[in-house]
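These notes are about the structure you will find just below.
The values are calculated or read from the model by the stated rules, or taken from the named source; none is laboratory data. Treat the numbers as computed from the prediction; the structure is a model and nothing was measured. Methodologically, a virtual Cβ is constructed for each residue, glycine included, from the backbone with ideal geometry; neighbour enumeration extends over all protein chains shown. Heads up: the accessible areas ignore ligands, DNA and RNA and are worked out on the full protein's heavy atoms, side chains in. Shrake-Rupley method; radii C 1.70, N 1.55, O 1.52, S 1.80 Å.
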Amino acid sequence: LLANPPHIPHHVLRLIVNVLTAGECSGRTFMQSLSLIQHLSYIPDAREVIASELKTRAQEFGQSLFAALDELAGALRDAETQPYVLATTIAAKFSPASSDQAKLLRVLKTIDYMYSPKTVGNASGGDVEKVQGIYESFRFSPLWQRLGDCLAIIEEKPEMEHIATVLLPLIESLMVVCKYVGPKTASGAAVRAIRASTSPRSPTTARESMEDLFVTFTDAHRKVLNLMVRNNPSLMSGSFSLLVHNPRVLDFDNKRNYFNQQLHRRPHNREHHGTLQLNVRRQ
């Protein structure tokens, strides 16, 4: 709306990221920050400057979280002999709204928002490539591997299943990073995963690597992912909706709940009919 956008020094533009990463950040503050970033993005170079600062912070949180997960994995393995150590580790590093995993999730969601189309039919292939390039540049593979290690230990010990919920922001972060894995790419990654079991090879591109990460992670931890969705079905309305792109992951009850969610989200009025019983042969 301004004929002449204001000149804001780059070091001042970077300060907006502090709102997202300094302590806790309420939902309202987060939404206001996203709106501010959207407005500032009309200033030349502003979006790239803010995105660069977000990338730097994400890398920092990724490194600190890897160390914290390393400690948590050790505590989970020793839980029977040192339960107090486990409780202290979780409470200090992962539970608070000011935890590094909560901050990482906010940063990744902000990057996604900055490059997502704001109106239907206004998607830019260039922007999708940019945001995917940012995600691929993080080199978070060791972080996701250590997260998987923690979940694998939890899955072996049913009495610890509640601990997986504490790691929800980090699991959501992985889903955000894998956002652009679609039905076609997911099925392609599944084919590569099967082929790799007989003829191992490295992914040829960074994007293939992201696709393989999504399929491998969701296949390996389908038990805990289903438990989380079952306990909180609203997750499928957010970043967990990506799970529908790997049809082997969700259990039938979760698929049915998701299907009903989608029906009720349809904009037109629905006519009410009686129940109709059908017998369907799978073939």
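Farthest toward the dipole's positive end in the stretch 1-95, which of V19, I37, A87, given Cβ charges of +1 (Lys, Arg) and -1 (Asp, Glu) about the Cα centre?
It is I37, whose Cα lies furthest towards the positive end.
Over the Cα atoms of the chain, what Rg and Dmax result, in angstrom?
Rg, Dmax (Cα atoms, Å): 21.0, 67.
What is the diffusion coefficient of the stretch 39-98 in µm²/s, taking the Kirkwood radius over Cα pairs and the Stokes-Einstein relation at 37 °C with a viscosity of 0.692 mPa s?
This corresponds to a translational diffusion coefficient of 235 µm²/s.
Would you mind giving the three semi-axes, in whole Å and largest first, of the ellipsoid equivalent to the stretch 37-187 according to its Cα gyration tensor?
Values: eigenvalues 225, 57, 29 Å².
Values for the stretch 37-187, descending: 34, 17, 12 Å.
Test of understanding: what is the full-extension gain from S41 to N18, defined as 0.36 nm times their sequence separation minus their Cα-Cα distance? Please list the in-between numbers first.
Working: separation 23, 0.36 × 23 = 8.28 nm, distance 1.70 nm.
Between S41 and N18, full extension yields 6.6 nm more.
Can you spot the aspartates and glutamates whose alpha carbon is less than 18 Å from K103's alpha carbon? Ignore those fewer than 8 places along the same chain.
E24, E53, E60, D112, E172
Share of the chain's accessible area from carbon and sulfur, percent, 1.4 Å?
Details: 8990 of 16240 Å².
On the chain, the fraction of accessible area on carbon and sulfur atoms equals 55 percent.
Could you pull out every whole DSSP H run in the chain that spans at least 24 Å of Cα extent along its own axis and averages -0.5 or higher on the Kyte-Doolittle scale? Intermediate values should be presented prior to the final figure.
Numbers: long enough: 46-77 (46 Å, 0.03).
Membrane-span-like by this criterion, though nothing is claimed about a membrane: 46-77.
Based on the inverse mean of 1/r over its pairs of different Cα atoms, what is the Kirkwood hydrodynamic radius of the stretch 69-150, in Å?
Details: mean 1/r = 0.0654 Å⁻¹.
Hydrodynamic radius (Kirkwood, Cα pairs) of the stretch 69-150 is 15.3 Å.
How do H162, H245, H221 stack up against each other in accessible area, from largest to smallest, with a 1.4 angstrom probe? Write down the numbers at each step before the final one.
Details: H162 125, H245 50, H221 15 Å².
Heavy-atom accessible area, descending, gives H162, H245, H221.
Taking the simple approach of a point 7 Å from Cα along Cα-to-Cβ for both D253 and A152, what is their distance in nm?
2.8 nm
Connecting C-alpha atoms closer than 10 Å in a GNM of the chain, tell me which of N257, N269, N226 has the biggest fluctuation.
Greatest mean-square fluctuation among the candidates belongs to N269.
Using the Cα gyration tensor of the stretch 4-67, with a ≥ b ≥ c the square roots of its eigenvalues, what is the shape: rounded (a/c below 1.5), prolate (a/b larger than b/c) or oblate (neither)?
Details: a/c = 2.71, a/b = 1.52, b/c = 1.78.
Cα axes put the stretch 4-67 in the oblate bin.
Expressed in nm to one decimal, what extension gain is obtained for the pair N260 and E161 from 0.36 nm per residue of sequence separation less their Cα-Cα distance? Intermediate values should be presented prior to the final figure.
Working: separation 99, 0.36 × 99 = 35.64 nm, distance 2.65 nm.
Full-extension gain reported as 33.0 nm.
For the chain, what is the accessible area per residue in Å² when the probe is 1.4 Å?
Numbers: 16240 Å² over 283 residues.
Ligands and nucleic acids excluded, the figure is 57 Å² per residue.
Run the dipole for the chain about the Cα centre, Lys and Arg Cβ at +1, Asp and Glu Cβ at -1, nothing else charged, and hand back the magnitude in debye, nearest 20.
Values: 32 positive and 27 negative charges, 205 e Å.
For the chain, the charge dipole is close to 980 debye.
Per-residue counts of other Cβ atoms within 10 Å, averaged by peptide: what ranking do you get for 80-86, 234-240, highest first? Mind showing how you got there, number by number?
Numbers: 80-86: 12.1, 234-240: 16.9.
The densest-packed peptide leads the list: 234-240, 80-86.
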